[in-house]
Amino acid sequence: MIAGGSGGFGFSSGGAAIAAPITAVQVNKSLLAPLNLEIDPTIQAVRTQEKEQIKTLNNRFASFIDKVRFLEQQNKMLETKWKLLQEQTTTRSNIDGMFEAYIANLHQLHQGCL
């Protein structure tokens, strides 16, 4: 026995030692069995199938993005061609007036020669 203890485990503050009763430990044997951590093969098959579907969809999406970029470039090219054609039409109308004036001038010269 130890006298003058500090009141810690198994001791009282009065100085005499008092032993705590030991409680029995019960073991649940089912908890000691190894866990079956195998993954269900159907779940693995579904996950594999989902991965393949995602890859396929991703490839299709990338293809659509490439097609959109190509079409945007084609659109810009067509817009540029359209602007050039409109400018040419404006220029042609100016040329038409010049030719008409030239032809009228030639008619006057021809009339003067007769």
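Bear in mind these aren't lab numbers, they're just calculated from the coordinates by the rules spelled out. Quantities reported herein were computed from a predicted structural model and do not represent experimental measurements.
Annotations for the structure displayed:
- The range 16-75: mean projected area of Cα convex hull, nm²: 11.4
- For the range 19-36, 3J(HN,Hα) per residue [Karplus equation, 6.51 cos²θ - 1.76 cosθ + 1.60, θ = phi - 60°, Hz, x = Gly/Pro]: 7, 6, x, 8, 8, 6, 9, 10, 10, 7, 5, 5, 6, 7, 6, x, 7, 8
- Extension reserve of the Asn36-Glu50 stretch, reckoned as 0.36 nm per residue once the Cα distance is removed: 2.6 nm
- Counting only residues at least eight positions apart within a chain, or on another chain, the lysines with an alpha carbon under 22 Å from that of Lys55 are Lys67.
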